[in-house]
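The values are calculated or read from the model by the stated rules, or taken from the named source; none is laboratory data. Quantities reported herein were computed from a predicted structural model and do not represent experimental measurements. Reconstructed Cβ throughout: ideal geometry from the backbone, glycine too, with neighbour counts over all protein chains shown.
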Amino acid sequence: MRGMSDAIRGFIEACRAALAAGTWAKLTLGAHRGADATLRNVIVQPVALRSGDRLSFVYRHATRDVTKNLPPGEGLARVSELLATDFGGAHLFTTEAEIELQPARGRSAARVIRRPPRHDAPAPDTHDHARVRPIDPAGAAWLRTLGVVNAAGRPRDGMSGKLRQIEKFAEILLHHVAEIPPRGDRSLAVVDMGCGKGYLTFAAFEVLHSAGWTPLRVTGVERRADLVDACNRAAAEHGLDGLAFTRGDVASTPLDRADILVALHACDTATDDALAKGIAAGASLILASPCCHKEVRRGLRPPAILDPALRHGILLDRHAELVTDAVRASLLEWAGYDVKVFEFVSTEHTAKNLMIAAVRRPGPARTDAAAHAIRDFAAFHGLRRQRLAEHLGFTLDPAP
Ligand SMILES: C[S@@+](CC[C@H](N)C(=O)[O-])C[C@H]1O[C@@H](n2cnc3c(N)ncnc32)[C@H](O)[C@@H]1O
């Protein structure tokens with residue numbers, strides 16, 4: 001027992017040194033022997049939150065993960081407790097060494113073993129944000145001001161879906177920012193079109209600021225003056241320099257610079273107006289989650305063979321969504337972007353759950369082959385006009 005305590009002490013010292021040196025990549029606690037039979041292991045990584053540096057604990061259970069962020073001192077104490085009670089072994093991966101706490105076996109006491117690094121994971125300031133909770137709900141005071149969480153950092157009534165959406169958006173944003181080709185500096189201009197109450201605009205500012213993008217300018221564009229004023233008040237209250245909201249219409253608001261363009265749940269063709277603005281500004285990344293799809297629903301003239309499906313209103317609605325977003329994705333590709341379309345948040349939280357993520361690629365754009373594919377697709381559906389195509393000067397129906 002005494003040997004085990006010494007080994008834990010030595011191991012914790014190694015953790016403390018890695019934390020201080022900024023070399024800690026990942027700690028895994030294994031050989032579970034605690035009371036909770038569903039707990040498999042715990043992963044601990046340093047994470048830089050706006051509220052300060054934390055150790056992020058991901059408790060991996062059989063069917064779910066639970067994340068808790070602790071200040072570094074408390075976090076090390078927690079690791080020590082977990083090793084004394086629930087876990088027999090641990091591996092600390094640093095950029096300089098792999099350090100193992102090996103459990104006692106037979107007559108040999110627990111011990112600490114140090115090996116050369118096989119983990120070239122980066123040090124904490126460039127850690128993988130997608131794996132840890134990117135926003136600390138208890139530490140992000142703006143979440144309270146916007147009415148998403150209460151003083152304890154827990155979602156207010158009816159806001160847990162919104163919090164989930166904010167966190168998922170933050171993960172998606174961080175993941176895709178990492179795909180932007182490196183530039184000479186870390187300055188970034190982000191525009192959020194149709195930002196509403198600003199939940200996702202604040203989230204973008206929070207995570208990009210924490211990730212070290214500076215100078216950072218995040219602008220929310222919204223046509224409702226009351227929302228713009230409320231968001232500007234909240235940004236000022238929390239001293240978030242670089243975050244601002246402006247009243248305007250998506251289609252007519254000029255953009256002097258937009259490295260990242262966001263348009264989430266902007267109504268109907270406002271999504272197309274925003275996509276066109278992003279393309280015109282040469283945005284490196286465009287994230288759009290479409291809302292309603294009225295324009296294409298009205299314009300569809302599908303072939304009779306689809307009648308058994310499309311005579312039903314709900315199926316026609318869904319088909320219009322599919323055609324609209326397929327045309328948008330294809331036009332973005334034609335305009336020079338790599339495009340992914342995926343589920344944003346589960347339909348359990350909102351029906352508006354599709355995300356179009358477009359990263360500008362260096363290769364050729366506006367090829368004839370891409371244009372033909374879009375026109376064939378539109379022709380099959382009898383679609384002659386679509387707002388994004390019009391913005392781009394792309395004729396869907398080349399027939400006179
Ligand atoms: C459904 S809310 C979404 C807000 C926010 N993007 C989000 O996802 O949490 C849509 C917002 O876009 C605004 N909006 C819709 N069309 C717009 C337009 N053409 N120009 C500016 N704002 C617009 C609406 O006023 C509304 O606040």
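Restricting Glu100, Glu96 to residues that are assigned to a loop (DSSP other than H, G, I, E, B), farther than 30 Å from Ala234 by Cβ, modelled with pLDDT of 80 or more and not hydroxyl-bearing (Ser, Thr, Tyr) narrows the list to Glu96. Each residue in region 242-269 was checked for being over 22 Å from the mean Cα position of the chain (by Cα) and either at pLDDT 95 or above or within 12 Å of the ligand (Cβ to nearest atom) (or both), and 10 pass. Within region 183-196, the residues that satisfy the criterion of being assigned to a loop (DSSP other than H, G, I, E, B) and closer than 18 Å to Arg257 by Cβ are Arg183, Gly184, Asp185, Arg186, Ser187, Cys195. Checked against (1) surrounded by 15 or more Cβ atoms within 10 Å (Cβ to Cβ); (2) touching a Phe, Trp or Tyr at 6+ places or on another chain (Cβ under 9 Å), Val149 passes all but a single condition, namely (2). Among residues of region 150-166 that are within 12 Å of the ligand (Cβ to nearest atom), those with a Cβ under 7 angstrom from a residue that is assigned to a helix (DSSP H, G or I), sequence gap 6+ or separate chain, pair up as Lys162/Tyr199; Ile166/Tyr199; Ile166/Leu200; Ile166/Ala203. Yes or no: region 295-307 includes at least one residue that is in contact with a Cys (Cβ under 9 Å, 6 or more places away or on another chain), within 21 Å of Thr395 (Cβ to Cβ) and surrounded by 15 or more Cβ atoms within 10 Å (Cβ to Cβ). No, region 295-307 contains no residue that is in contact with a Cys (Cβ under 9 Å, 6 or more places away or on another chain), within 21 Å of Thr395 (Cβ to Cβ) and surrounded by 15 or more Cβ atoms within 10 Å (Cβ to Cβ).
Of all the listed residues (Ala97, Ala90, Ala104, Ala37), the sole one being exposed (fewer than 13 other Cβ atoms within 10 Å of the Cβ) and among the small types (Gly, Ala, Ser) is Ala37.
Of the residues making up region 310-317, none is more than 13 Å from the ligand (Cβ to nearest atom), within 25 Å of the chain's Cα centre (by Cα) and of a type in the set (Lys, Arg). Within region 40-70, the set of residues being loosely packed, with under 13 Cβ neighbours inside 10 Å and not in a strand (DSSP E or B) comprises Ala62, Thr63, Arg64. In region 61-87, the residue that is farthest from Arg105 (Cα to Cα) out of those that are over 27 Å from the mean Cα position of the chain (by Cα) and either at pLDDT below 90 or among the polar types (S, T, N, Q) (or both) is Ser80. Among the residues of region 338-354, are any in contact (Cβ under 8 Å) with a residue 40 or more places away in the chain and closer than 22 Å to Ala281 by Cβ? Scanning region 338-354 turns up no residue that is in contact (Cβ under 8 Å) with a residue 40 or more places away in the chain and closer than 22 Å to Ala281 by Cβ. Quick check, is Arg217 free of Cβ contacts under 8 Å to residues at least 60 places away in the same chain and more than 21 Å from the chain's Cα centre (by Cα)? No; evaluated as a whole, the condition is false for this residue. Per the listing Leu332, Leu322, the residue uniquely touching a residue at least 12 places away in the same chain (Cβ under 8 Å) and either within 16 Å of the ligand (Cβ to nearest atom) or hydrophobic (A, V, I, L, M, F, W, C) (or both) is Leu332.
Which residue is nearest to Asp273 (Cα to Cα), if the candidates are limited to region 189-216 and must be more than 16 Å from the ligand (Cβ to nearest atom) and touching a Ser or Thr at 6+ places or on another chain (Cβ under 8 Å)? Result: Ala189.
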